[in-house]
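Worksheet: the structure to be examined is printed underneath.
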Amino acid sequence: MLRRTVGMVMALSGMAFAARAEVPLRDDARGTLFGTERFAVRIDARNGWLAEVLCDGQPVVAAPTTAQAYDIRHDEAWISGGGQTIERQGVERVSPDTIRCRTRAGAWTVDACLRLDPERRTVRRWFDVTWHGASTTKIKGFWVQSGVLPLAEAGRYMLPAQYPPRSVAASELIAERRTGSWRSPCAVIGENGRGWSVVWALDELQPYADRGSTGVQEGRGEIRVTQSFSMQGHIRGGVTQRVGDTWLWVQPNDAETALRRLPEWFAAVGQMPPEGRPDWLKRVILYSFHPGGTIGSNCRDLGGFSSATALLPHIDGLGCNAIWLMPLEDKSIYWPRDYYKLQEGIGTPDDFKAFTARARSLGMRVWQDCVPHGGGNEFPRAKAHPEWLAQNEDGSTLHYWCFDFNWPTWIDYMRGVVSFYMREYGLDGFRIDACGGSKIPNWNPEIPYARASHAQAQGGFAMQRALREEVRRVKPDGANLAEVGASVHGAVSDSTYDFDLCYHVLHDFRRVPADVFVPRLRRWLHEQQCAEVPDLVRIRHVESHDSLRSGLWYGADAQRALVALISWIHGIPMVYHEMEDGHYEAYRRIFHVRRSAPDRGRRRLAV
């Protein structure tokens, strides 16, 4: 799959990076036309916004009837939704294949930058937002119109990788019904029933991006698409903030073909597995536990490192070849007070070293849990560095999960923690807890980055990149597991979670008959494979320390069947401490099949 995708991106690299011939730009009675006979966009003469998308001289995507081309949430009110008119200020070329469309809405200007690739029939947009008021104000949201797709009788649209899989035929449209995609890359695929398909997607990996979503409003024989960004922060007069990117990709094919081509888009925008991801990661069968014991006992029913070391042959016999140790630092699990001190009652540093040495002698990799959200705001570290705490709008801070993932010196602190444990205990990497970003936007006016919302997604990217870099600096074949579900994080961490599978998809197994569940599951796995970072390695689990025991959900036989499922599809199957009780021999056989498969459980086993 990865080799095929690399080949495709070589063919598609012009989508984003290659130098291009100048794209024609000319005015006509209805606005400004940018593009060629093969592919062009029309900029509305009234509001300066993308109106039509034309292929072979014919419109495929139309303009919405409303003049509300975008909206900005200015503090507590939406400006154009509140009646502010959007005015066209002009269109100018900024490069051979890019134009800037300037608009004004009251004291705001928005420059929509459009990069066109007529050969590939793509439009990439990003937006420069400027406030012209005399004093600093707040922005709390931004969305844009992204076109209307008329659907003929044979048309449909789909929301890839949602469960249950969803494809809505033109005959099933309900006027004013709203839906959409909140899963990165927030893709929507529409098939117009006349030979064309349109893909809408968001590139949240850009350094100016915020978390986004794509909305769909159904109409009579059409869908209207909007794309939104959780853009929040202080904005000073005359200072421009950039947000984006949105993509529109028109293809002369059906929706299923467009879905199968999505890996080309991921490759073209750089959403690919990080360079140097080690091959051993795909062979991992993971066992998760705390040396003190299970969560239900408050980590007190095992006994510490000595007992955990004695457990290793049992884990090895089961067929697991990697360990994830849940947090070991004082004060308690997921409540780090002193990152450089072990929790009371689990043993000494020498006991920990003896554990990792024994694991290595059995051929096991060892991950330790890392908790970059920092614990509580009452701990000495937080009092010594109040700048590390994310602030609500009123200046208060959260009691828990309170640190700013995007604050550079806090990132450096966590790099030091990772480096210490890697060197001291010979670890192979980390499972990074809750690392999608800060719990809240950081409204501290002194943040060293563009806006409050960049504490979130951008903070998650920054922290994951830094910790991965540190792991690999100490151990070149080290790897990390990021506890985050959004596909885009697969471009900055070696592996991520599949929360949907554990907490949503598998529960359908106990709710619907097999002849309903199995086709749904197969289709969902296919869509997930196409609509996420190519060759993304996800952890697949049926239970964890955060969930109810799976046997209570499914029963013994069904639990074994689901463990086989997560073991025989692409990803990392995980066993949580004592989940194997009563199933030891069954799990041994399941994991033997996984290890014996020629492709070691890769995608071919998913279908």
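The values are calculated or read from the model by the stated rules, or taken from the named source; none is laboratory data. Remember, it's a predicted structure, so these values are computed and weren't measured experimentally. Ideal geometry is used to build each Cβ from the backbone, glycine not excepted, and the neighbour counts take in all protein chains shown.
A few notes on this one:
- Under the condition of being in a strand (DSSP E or B) and touching a Lys or Arg at 6+ places or on another chain (Cβ under 9 Å), the residues counted in region 174-188 number 1.
- From the list Thr103, Thr85, the one residue that fits, being assigned by TED's automatic domain parsing to the domain that holds Thr240 and more than 16 Å from Phe142 (Cβ to Cβ), is Thr85.
- Candidates Arg300, Arg242 - the one that is assigned to a loop (DSSP other than H, G, I, E, B), surrounded by fewer than 22 Cβ atoms within 10 Å (Cβ to Cβ) and not hydrophobic (A, V, I, L, M, F, W, C): Arg300
- Among the residues making up region 252-278, those that are of a type in the set (D, E, K, R) and either over 22 Å from the mean Cα position of the chain (by Cα) or in a loop (DSSP other than H, G, I, E, B) (or both) are Asp254, Glu256, Arg261, Glu275, Arg277.
- Single residue of Leu328, Leu318, Leu312, Leu302 found to be under 29 Å from Arg465 (Cα atoms) and not assigned by TED's automatic domain parsing to the domain that holds Thr122: Leu328
- Matching strands (runs of 3 or more DSSP E) fully within region 115-173 where at least 1 residues are free of Cβ contacts under 8 Å to residues at least 24 places away in the same chain: 167-169
- Apart from one condition, Glu275 fits all of (1) in contact with a Gly (Cβ under 8 Å, 6 or more places away or on another chain); (2) more than 30 Å from Asp581 (Cα to Cα); (3) of a type outside the set (Ser, Thr, Tyr); the exception is (1).
- Residue check for Arg73: without any contact (Cβ under 8 Å) to a residue 60 or more places away in the chain and either part of a strand (DSSP E or B) or not assigned by TED's automatic domain parsing to the domain that holds Val250 (or both): no
- Test: residue in region 271-291 that is assigned by TED's automatic domain parsing to the domain that holds Trp443, among the hydroxyl-bearing types (Ser, Thr, Tyr) and either over 24 Å from Trp49 (Cα atoms) or out of contact with any Leu (no Cβ under 7 Å at 6 or more places or on another chain) (or both): yes
- When region 455-508 is limited to residues that are farther than 26 Å from Ser567 by Cα, touching a Phe, Trp or Tyr at 6+ places or on another chain (Cβ under 8 Å) and without any contact (Cβ under 8 Å) to a residue 60 or more places away in the chain, the one that is surrounded by the fewest Cβ atoms within 10 Å (Cβ to Cβ) turns out to be Ala462.
- Checked against the criteria, Val225 counts as surrounded by 24 or more Cβ atoms within 10 Å (Cβ to Cβ), out of contact with any helix residue (DSSP H, G or I) (no Cβ under 9 Å at 6 or more places or on another chain) and assigned by TED's automatic domain parsing to the domain that holds Pro263.
- Count - residues of region 81-103 that are within 18 Å of Gly244 (Cβ to Cβ) and either of a type in the set (Phe, Trp, Tyr) or under 30 Å from the mean Cα position of the chain (by Cα) (or both): 5
- Matching residues in region 262-279 - criterion: being buried (at least 18 other Cβ atoms within 10 Å of the Cβ) and of a type in the set (D, E, K, R): Glu264, Arg277
Each row is one residue, and each column tells you yes or no for (1) modelled with pLDDT of 95 or more; (2) of a type in the set (A, V, I, L, M); (3) within 28 Å of the chain's Cα centre (by Cα).
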position: Ala105; (1), (2), (3): yes, yes, no
position: Glu119; (1), (2), (3): yes, no, no
position: Thr122; (1), (2), (3): yes, no, yes
position: Trp126; (1), (2), (3): yes, no, yes
position: Thr136; (1), (2), (3): yes, no, no
position: Trp143; (1), (2), (3): yes, no, yes
